[in-house]
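Inspection log for the structure reproduced underneath, given as structure tokens.
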Amino acid sequence: LLSKAAMLFIGIAVIIGAVFGVRVLPDDVILIHQPNLSGIEAVKPLATRSYIQNVSYYITVYFFEYGKRPSSLDELVSIGSIPNSDLLRDVWGNPLVMESDRGGVLLRSLGQDGESGTSDDVILKVSL
């Protein structure tokens with residue numbers, strides 16, 4: 001059996017290897033379990049939804065301060081509510097889209113495929 005220190009070293013080496021794509025263990029060490037990092041992709045829509053909710057907060061604040069919807073998301077950047085336009089991108093690097101909607105706006109992430117109107121879009125209605 002391996003000591004706790006050896007098991008910790010192997011665990012850290014596996015994580016480093018998975019993150020950086022390098023093998024840091026000797027070739028004669030056999031791992032029984034290969035880490036499965038595919039779950040990271042499953043979290044991206046949830047992270048995007050959370051981020052869109054944060055952006056919706058700034059749209060709501062703008063509405064209460066100015067009595068109207070912002071004309072674009074870039075307007076939130078120009079008045080300093082959002083520090084820079086790089087923060088108006090989803091986790092896949094696509095720009096967030098704001099569309100006028102009856103009674104508010106729709107915030108949309110184009111999802112992994114980068115195309116509007118497909119099943120991977122992440123949409124949040126902001127009622128104003």
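The values are calculated or read from the model by the stated rules, or taken from the named source; none is laboratory data. This one's a predicted model, so the numbers in the text were calculated from it and none came from an experiment. When we count neighbours, we look across all protein chains shown, and the Cβ atoms used for this are built from the backbone with ideal geometry, even at glycine. Areas reflect the complete protein model, heavy atoms only, side chains present, ligands, DNA and RNA absent. Shrake-Rupley method; radii C 1.70, N 1.55, O 1.52, S 1.80 Å.
Six or more apart or on different chains, Cβ atoms under 8 Å: show the pairs whose first residue is in segment 59-72 and in contact (Cβ under 8 Å) with a residue 12 or more places away in the chain and whose second is part of a loop (DSSP other than H, G, I, E, B) and among the charged types (D, E, K, R).
Listed by first residue and then by second, the contacts come to ILE59/ARG69; TYR62/ARG69; PHE63/ARG69.
With respect to VAL43, determine if the residue is free of Cβ contacts under 8 Å to residues at least 12 places away in the same chain, open to solvent by 70 Å² or more (accessible area, probe 1.4 Å) and either out of contact with any strand residue (DSSP E or B) (no Cβ under 6 Å at 6 or more places or on another chain) or aromatic (Phe, Trp, Tyr) (or both). If you could, list the steps in order and put the result at the bottom.
Details: free of Cβ contacts under 8 Å to residues at least 12 places away in the same chain: yes; open to solvent by 70 Å² or more (accessible area, probe 1.4 Å): yes; either out of contact with any strand residue (DSSP E or B) (no Cβ under 6 Å at 6 or more places or on another chain) or aromatic (Phe, Trp, Tyr) (or both): yes.
Spelling it out, VAL43 is indeed free of Cβ contacts under 8 Å to residues at least 12 places away in the same chain, open to solvent by 70 Å² or more (accessible area, probe 1.4 Å) and either out of contact with any strand residue (DSSP E or B) (no Cβ under 6 Å at 6 or more places or on another chain) or aromatic (Phe, Trp, Tyr) (or both).
Could you list all residues from segment 84-128 that are in contact with a Phe, Trp or Tyr (Cβ under 8 Å, 6 or more places away or on another chain), open to solvent by 50 Å² or more (accessible area, probe 1.4 Å) and either among the small types (Gly, Ala, Ser) or without any contact (Cβ under 8 Å) to a residue 60 or more places away in the chain (or both)?
Answer for segment 84-128, where residues must be in contact with a Phe, Trp or Tyr (Cβ under 8 Å, 6 or more places away or on another chain), open to solvent by 50 Å² or more (accessible area, probe 1.4 Å) and either among the small types (Gly, Ala, Ser) or without any contact (Cβ under 8 Å) to a residue 60 or more places away in the chain (or both): just VAL91.
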